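J.: The following block contains the structure, expressed as structure tokens.
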Amino acid sequence: MERKKKRLKNFRIGFCTLVYLFLFLPISVIVVNSFNATTSKPYMSWKGFTFDWYVKLWDNSSLLEAISNTMVIAITSTILATIIGTLGAIGMYRYKFKGKGLIDGLLYIPVVIPEIVLGISLLTIFSNVNIPRGMLTLILAHVTFCIPFVIFNVRARLAGYDNSIEEASLDLGANRFKTFFEITLPILAPGILGGALLAFTLSIDDVIISYFVYGQTKTYPLKVMESVKSGVSPDVNALSTLILLATIAFVVLTQGNIFKRRKGGYGV
């Protein structure tokens, strides 16, 4: 029996190890290759350790412009999608009107349809209304596919919402404006923040939809995709590593209380 338990434990450890290797080995390759001293394409043969690519990164104006465009588009589209998605989720939750079920079902279309279909559709619309492709079309496209994700997150938070809290606030003399910002909004904040973070991540990561509407405004994913044809240079890997470190730092800062609770136990 003990031998069987030991074998099962070893199998679980081995299986988990393979899963983590599958998930994180490609990321580790990028990090390691950012310190590669090679200067010949396709930049895959190891020629030694160096920090030169982190220095040369700041001289690559096109790459820095791409990451700057990406951040501007992601932040702007996240703010717009969060505002529209939050108001839409609250409106769908509180009010009953004709066609509500249809609108509710249509929200899933941008999520479930292939991105290439959405990209072609947006390109057709922008062409028909004569909107020049660029920063504006990228922001509009990103807002379009981010809004449903914000709505879904806020609606999940609204599922257990107690309307009597708002009624008590109104009975005690607060107007609807004050009730919304001091009662409703703080309660919905976790769902709103979750939707905003998801929208921000999707915006930064998007390639297919952005490819159809970018014009002359290239984002970081599009720049990387373009460099794949000739081999991804180590300065791109260096920037990707910096983004990875920033992401890890953000997770540690925002989830630090979880690590503390695990270390100290979950007792009340």
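J.: What does the highest-first list of 64-77, 27-40, 163-176 look like by mean Cβ count within 10 Å?
T.: 64-77, 27-40, 163-176
J.: What full-extension length gain, to one decimal in nm, is calculated for GLU65 and SER28 as 0.36 nm per residue of separation minus the Cα-Cα distance? Show your work: numbers first, answer last.
T.: On the way: separation 37, 0.36 × 37 = 13.32 nm, distance 2.55 nm.
Full extension of this stretch gives 10.8 nm more.
J.: Still on this structure, I have one more. For ALA189 and ILE131 in the same chain, what is the full-extension length gain: residue separation times 0.36 nm, less their Cα-Cα distance, in nm?
T.: 17.4 nm
J.: While we're on this one: Using a 1.4 Å probe on the protein chains only, how many percent of the accessible area of region 144-198 belongs to carbon and sulfur?
T.: Answer for region 144-198 is 62 percent, counting heavy atoms of protein chains only.
J.: Calculate the dipole size of the chain relative to its Cα centre from +1 charges on Lys and Arg beta carbons and -1 charges on Asp and Glu beta carbons; express the result in debye to the nearest 20. Each step should come with its number before you reach the end.
T.: Values: 26 positive and 15 negative charges, 278 e Å.
Charge dipole, the chain, about its Cα centre: 1340 debye, nearest 20.
J.: Could you give the distance between the Cα centres of region 1-48 and region 207-222, to the whole Å?
T.: About 31 Å separates the Cα centre of region 1-48 from the one of region 207-222.
J.: Taking the dipole about the Cα centre of region 9-123, with the C-beta of Lys and Arg at +1 and of Asp and Glu at -1, give me whichever of TYR108, VAL31, ALA74 is farthest to the positive side.
T.: Ranked along the dipole, the leading option is TYR108.
J.: Normalised by the number of residues in region 1-109, what is the relative contact order in percent for Cα pairs under 8 Å and 6+ residues apart? Intermediate values should be presented prior to the final figure.
T.: Working: 30 pairs, mean separation 11.8, N = 109.
Relative contact order comes out at 11 percent.
J.: Okay, next question. On the protein heavy atoms, probe 1.4 angstrom, tell me the percent of accessible surface of region 18-142 carried by carbon and sulfur.
T.: Ligands and nucleic acids excluded, carbon and sulfur give 72 percent.
J.: With a 1.4 Å probe and every protein chain left in place, work out the accessible area per residue of the chain in Å², rounded to a whole number.
T.: Solvent-accessible surface per residue comes out at 64 Å².
J.: Please compute the length gained on full extension between PHE15 and VAL228, using 0.36 nm multiplied by the number of residues separating them and subtracting their Cα-Cα distance.
T.: 73.5 nm
J.: For volume of the Cα convex hull per residue in Å³, the choices are (1) 241; (2) 188; (3) 160; which was calculated from the structure?
T.: Of the labelled values, this structure produces (1).
J.: With +1 on each Lys and Arg Cβ and -1 on each Asp and Glu Cβ, and nothing else charged, work out how big the dipole of region 1-86 is about its Cα centre, in Debye to the nearest 20.
T.: 1080 debye
J.: Taking the Cα centre of region 133-239 as the origin, how large is its charge dipole in debye, to the nearest 20, when only Lys and Arg (+1) and Asp and Glu (-1) carry charge on their Cβ atoms?
T.: Approximately 440 debye in magnitude.
J.: Given contacts defined as C-alpha pairs under 8 Å and at least six residues apart, what's the relative contact order of region 109-252, whole-number percent? Show your work: numbers first, answer last.
T.: On the way: 98 pairs, mean separation 50.8, N = 144.
This gives 35 percent for region 109-252.
The values are calculated or read from the model by the stated rules, or taken from the named source; none is laboratory data. Note that the structure is predicted; figures quoted are calculated from it, not measured. Positions of Cβ are backbone-derived with ideal geometry, glycine not excepted, and every protein chain shown enters the neighbour counts. Note: areas computed on protein heavy atoms with side chains; ligands, DNA, RNA excluded. Shrake-Rupley method; radii C 1.70, N 1.55, O 1.52, S 1.80 Å.
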